[in-house]
1. So is residue 160 in contact (Cβ under 8 Å) with a residue 12 or more places away in the chain, part of a helix (DSSP H, G or I), at negative phi and of a type in the set (A, V, I, L, M) or not?
2. Can you go through 166, 177 and tell me which one is among the acidic types (Asp, Glu), surrounded by 20 or more Cβ atoms within 10 Å (Cβ to Cβ) and within 27 Å of residue 311 (Cα to Cα)?
3. Looking at 96, 55, 103, can you tell me which residue is farther than 30 Å from residue 12 by Cβ, surrounded by 17 or more Cβ atoms within 10 Å (Cβ to Cβ) and of a type in the set (D, E, K, R)?
4. Quick check on the stretch 69-91. Is at least one of its residues within 18 Å of the chain's Cα centre (by Cα), among the acidic types (Asp, Glu) and on the phi < 0 side of the Ramachandran plot?
Amino acid sequence: MSTSTKLQLNEILKNRIMLLDGAMGTMIQRHTLSEEDFRGEHFADHPSPLKGDNDLLAITRPDIIQSIHEAYFEVGSDFATTNSFNATTIAQADYDMQAHVYDINYCAAQCARKAADIWTAKTPDKPRFVIGALGPTNRTASLSPDVNDPGKRLVTFDELRQAYYDAADALLEGGADILMIETVFDTLNAKAGLFAMEEIREKWGDIPVMVSGTITDASGRTLSGQTAEAFWISMMHGDLLSIGLNCALGANEMLPYIKRLDAIADVKVSAHPNAGLPNEFGEYDETPEQMAAQIELFVKGGHLNILGGCCGTTPEHIAALNELANQYAPRNVDKNAE
């Protein structure tokens, strides 16, 4: 399964820019969901509040999650990214939900798989794929949470490796085609993820793996201090389908760092920026037209192979990016091959 998927993806990516979906959280917020929606029948007696644990909705409201995936496919997305950003034992500990991580990931992949199969059947000339999303967790392996104790850590490398492995295994069981270690703010966390991907491949074969980091501010560095170039060098051993950036920045702010990855990476390059920067209420105001105008510089310059949206983006944004992607050729990956 995995080897043929990899060959299929590489063939498509030679010919055109492929399209990721947009934000999941933004779309979930369009629904007025109560504590009962998050609990459902499965977690009616859970002792802790669950509202806000969006990943649970793959179990308790799969109708909503599948419909969001379908809305993105309808406007041209090639990929559905699973609703599993926080579906690790480490992140789910905030809700005392560690015991349910397998089910969350499996159901998240199933929601995306069903949507992808429906749309592949509708457009057999444009097959749709499922990306199993592996978020960064809410712990950092590189940095101390206590300024008075620089050596203190809230998580170990092995704990992260196991958390990534368990989530990835369940995502693949549920029907994911690809795995993406995304929104990387700490490269050591991502290193643990790549270690887990090696172990996953021993079980599942040559699964395509994407990595997407996040530049946190105008310093041009990840939270753990790496430039875009250093981030690529730290990840390049991972036999990746793509390297890229997402979140934290809007398109204008992200472009310089995508150009740097384009200049050095010998794999595909991806970008899924936010719909601009958040306003004082934490909301994203950038319209699809405004975002597309900025993204045009990415594709006109030949810097991208895979394009999509992160926080604040909707099917309307992805529809505008789809029109744009269809007008330009993909980045030439071979230019950096030795």
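No lab work stands behind these numbers, since they all come straight from the coordinates. Since this is a predicted model, take the numbers as computed values, not measurements. Using ideal geometry, Cβ is built from the backbone for each residue, glycine included, and neighbour counts are taken over all protein chains shown.
1. yes
2. Working: 166 fails: surrounded by 20 or more Cβ atoms within 10 Å (Cβ to Cβ).
Within the list 166, 177, the selection yields 177.
3. Values: 96 fails: surrounded by 17 or more Cβ atoms within 10 Å (Cβ to Cβ); 55 fails: farther than 30 Å from residue 12 by Cβ.
Just a single option satisfies the conditions, and that option is 103.
4. yes
Residue by residue, here is whether (1) buried (at least 18 other Cβ atoms within 10 Å of the Cβ); (2) aliphatic (A, V, I, L, M); (3) on the phi < 0 side of the Ramachandran plot holds:
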{"position": "240", "(1), (2), (3)": "yes, yes, yes"}
{"position": "246", "(1), (2), (3)": "yes, no, yes"}
{"position": "253", "(1), (2), (3)": "yes, no, yes"}
{"position": "256", "(1), (2), (3)": "no, no, yes"}
{"position": "261", "(1), (2), (3)": "yes, yes, yes"}
{"position": "264", "(1), (2), (3)": "no, yes, yes"}
{"position": "267", "(1), (2), (3)": "yes, yes, yes"}
{"position": "270", "(1), (2), (3)": "yes, no, yes"}
{"position": "275", "(1), (2), (3)": "yes, yes, yes"}
